[in-house]
Structure formats: C-alpha cells, structure tokens
Amino acid sequence: MPQILNNALEAVGNTPLIRLDKVAKLHGLKCNLLGKVEFMSAGGSVKDRIAKAMVEAAEKEGKLVPGKSVVIEPTSGNTGIGLAMACAIKGYSVIITLPNKMSLEKEAALRALGAEVVRTPTEAAWDSPQSHIGIARKLQKEIPYGIILDQYGNINNPLAHEITTGPEIIEAVKSTPSTSSRVSSQKVDVVVCGAGTGGTISGISRAMKKTHNKDCIVVGVDPDGSILAIPSSLNRKTEGDAYVVEGIGYDFIPDVLSRDPTDIDEWIKTNDTEAFDAVQALMRNEGLLVGGSSGSALSGTLKWLKRRKDIAETLGLNVVVILPDGIRNYMSKDWFLSRALHGEPTPLAQAIARVLQEP
Ligand SMILES: C=C(NCc1c(COP(=O)(O)O)cnc(C)c1O)C(=O)O
C-alpha cells in the first residue's frame, strides 16, 4: 500500500522485475526473459543498495560522526551517487574519486548532492598512487575524520544484495502465477549479471542458491579488456584493452567478488558495440531507458542462451538479467547520441520531411 516515506533512502531498491517479451520474441526464446530494472531506485542505480547498507553499518559500528565524518570513496560513479544521497540526508561530507572516463552526468549528480569530486586518470592501474583508489587513500590519510567505506572489500556490499536484491527477485517470480499464456516454473532458473566490484552477482547468487534454488545457474558478464572472467583464458586476448561501458570490469579482482565456482557458474565476455546495440534494443522494444552496462548484461544473456538451447527453448524457465542503471547517466556520451540522434532517418521521418516541404 502507498505510504509516506521518511526520506529517499526508504525509496532505495524494491525495483520492478519486468518481462522483456519483445526482445525474447526477436531472439526466438521460449523461456521467460525478465529484467531487474535498477534505475527505478531512488538514486538511479543498483548501487544505492550498498551505499545505504555501508553507511548504516558504519553508523551502527560507531565509525561515523554526524557533522564531522568525511566519507571518501573511489567509485565509477553510481556508488558515489548513492553515498552522496545517503550523506546528504544524514549530514556527512563526501569526497568522491572518479576516473576521467566516467560520465559528466554522474559528476554533475554527485556535485548536486553536495559531494566534492576528484577526477583521476582512467589508465592508472588500481594499485597506482594516481588511481581513484590511490587518491582516495591519500585523502583519507590527510583529511580529518576521513573514512573510506570501501565497496571493494566491505561485506555489506554483497550482503545488501543477498538480503534485498535476491529476495525481491525470488518473491516476484514465486508470487506471479503461471498461466496458460504465461507459463512459469515459479523458480529463478538463471541469473545473468555484470560484475564491477562483484557485489551484486555474489550477493544475488548466495540468495538464490542458499534459500531458493540450489540449481539456479549464475552467469557473470565481463567486458573485453577486463580480467574478472574465469577461466582467465577468456581474458587473455583483450586484457588491458580500453572499453567505454562504465561500471563493470576491472584490472584487479575485488575482495567482494566470489571466486567460488558454486557461486558463479560461468562467465561470458562482451564488447562495447554489443552492449550499446542491446541498450537500443531495450529502449526501442521494451521502452526501458537503461544504461550501457544493462546492454552488456542483455547481450551477454543472449550470447549465453545461444549456447544453451536447452534453456532458451524450454517454455516457462525464468532467466533474470540485472539492468544496473539508466541512460540519464550517459545522455551526452557519443555512443548514445550517435544511436539516438544520428541514426538512419526512419520512413516516418522521411514522410514528415516530405509533408513539411510542401508549401
Ligand atoms: C562499482 C560501481 N558500480 C558498479 C556497477 C555495476 C556492477 O555492480 P557491482 O555490484 O559493483 O559488480 C554495473 N553497472 C553499473 C552501471 C555500475 O555502476 C561504482 O559505482 O562504483
């Protein structure tokens, strides 16, 4: 039932699980393709959940002093936005270290929420003093009351997904009845999820396998250029290559990313073109204004399903794809504008032009 919330943090998560029937039909899928639409969270991304969880855990542990503490976090932007939102509400200062490749839209949102933003060289290795992690650590040493909550190692990152994102998905699937026109196994059979820190995929996997369906197949999506995929032979040809998609992939293995093969069953690699084409497919067919890594996740899902006809062609199996944020983080990016504004004129656009040329 709708009710008055105390603050925006109470509007974090509880995002919809939406059928992607048109995309499924375009690809000849018989299984259900379901998108977990995280841009509908208060701060606009899946990372709101861990920001709220890390701040509230730090408060419980007495690590944050209202009016004094300065939360410092290295981030590709969305965790920073979640932290800045939480700190604006709770009264903490925020410094975000943000690699140069990340969008201007994320920086603007961070500054609008009151955060200080320090840009860092994208090409700096994670353990370089010049990286977003290195600069955050330097600032923590020098800034009084500075504290790094550390999404790369903080157990509240994956735990937030184990206790919120995963159970939301399970509840949605279990509570939606199977009908003759919409057959459902009533179980989550497959989850496909991109990995940055790996908190989302690790936490969701534990929720699925511990409490719901030990046979749920969990597939990680890792961009060409990143080294998170297992086996590492998947990464060799492209390790270190630059990629445009934001939020997923790293040059190190974050502590919160499970390397247990019973947590993450398989990995699939994706590239920028596939990702951004998949974003356009989600917008044009499903009306979903998703961001680049959502395209990575969908393109990874479709590639994986091509190899798993046993899943793709079974009526009623539920394949869930995590869609982490929205296009409003990337509106000025060339990859988006070139597709949204400069595509081939449609027949309708040509008809409009003809009409408007008439005297
Ligand atoms: C690590 C951060 N983001 C993760 C992220 C991810 C990956 O989520 P992880 O739970 O970190 O693996 C996917 N897509 C987008 C758009 C993201 O922003 C960050 O915002 O600092």
A correct Karplus calculation of ³J(HN,Hα) over region 313-329, with 6.51 cos²θ - 1.76 cosθ + 1.60, θ = phi - 60°, whole Hz and x for Gly and Pro, returns 9, 9, 4, x, 5, 9, 10, 9, 10, 8, 10, x, 8, x, 5, 5, 7
Whole-Å distance, taken between Cα centres, linking region 214-238 and region 42-71 = 30
Solvent-accessible area per residue for the chain at a 1.4 Å probe radius, Å²?
-> 46
³J(HN,Hα) computed for each position of region 15-28 - Karplus, 6.51 cos²θ - 1.76 cosθ + 1.60, integer Hz, glycine/proline x | 8, x, 9, 10, 5, 10, 5, 5, 5, 4, 5, 4, 9, x
How do 288-295, 326-333, 198-205 rank on mean C-beta neighbours within 10 Å, highest first?
-> 198-205, 288-295, 326-333
Using modelled amide H (1.01 Å from N, peptide plane; none on Pro or chain starts), what sits under 5 Å from the amide H of Ile268, excluding residues fewer than 5 places away?
-> Gly220, Val221, Asp222
Accessible surface of region 103-155 [probe 1.4 Å, protein heavy atoms]: carbon and sulfur percent | 58
Quick one: pull the percent of accessible area on region 247-342 belonging to carbon and sulfur, 1.4 Å probe, ligands and nucleic acids left out.
-> 53
Write down Rg/Rh for the chain, rounded to two decimals, with Rg from the C-alpha atoms and Rh from the Kirkwood relation over Cα pairs.
-> 0.98
Averaging sequence separations of C-alpha pairs under 8 Å and six or more residues apart, then dividing by the length of the chain, give the relative contact order as a whole percent.
-> 19
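Would you calculate, for the chain, the mean residue ellipticity at 222 nm contributed by helices, counting each DSSP H stretch of 4 or more residues as -39,500 (n - 2.57) and dividing by all residues, to the nearest 500? Don't skip to the end; give the middle numbers.
Working: 13 runs with 133 residues, N = 359.
When only DSSP H runs of four or more count, the value is -11000 deg cm²/dmol.
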Given 266-274, 306-314, the highest-first ranking by average Cβ count within 10 Å works out to 266-274, 306-314
Set Lys60/Lys333; Lys52/Lys269; Lys60/Lys106; Lys101/Lys210; Lys68/Lys269 screened for pairs whose C-alpha atoms are more than 32 Å apart | Lys60/Lys333; Lys101/Lys210; Lys68/Lys269
For Val12, enumerate residues with amide H under 5 Å from its amide H, sequence gap 5+ or separate chain, H modeled in the peptide plane.
-> Ala42
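For the chain, give me the percentage of DSSP beta bridges that are antiparallel, rounded to the nearest 5 percent.
15
The values are calculated or read from the model by the stated rules, or taken from the named source; none is laboratory data. This is a predicted model, so every value here is computed, not measured. FYI the Cβ positions are ideal-geometry reconstructions off the backbone, even for glycines, and counts take in every protein chain you see. Surface accessibility is based on the protein's heavy atoms, side chains included, excluding ligands, DNA and RNA. Shrake-Rupley method; radii C 1.70, N 1.55, O 1.52, S 1.80 Å.
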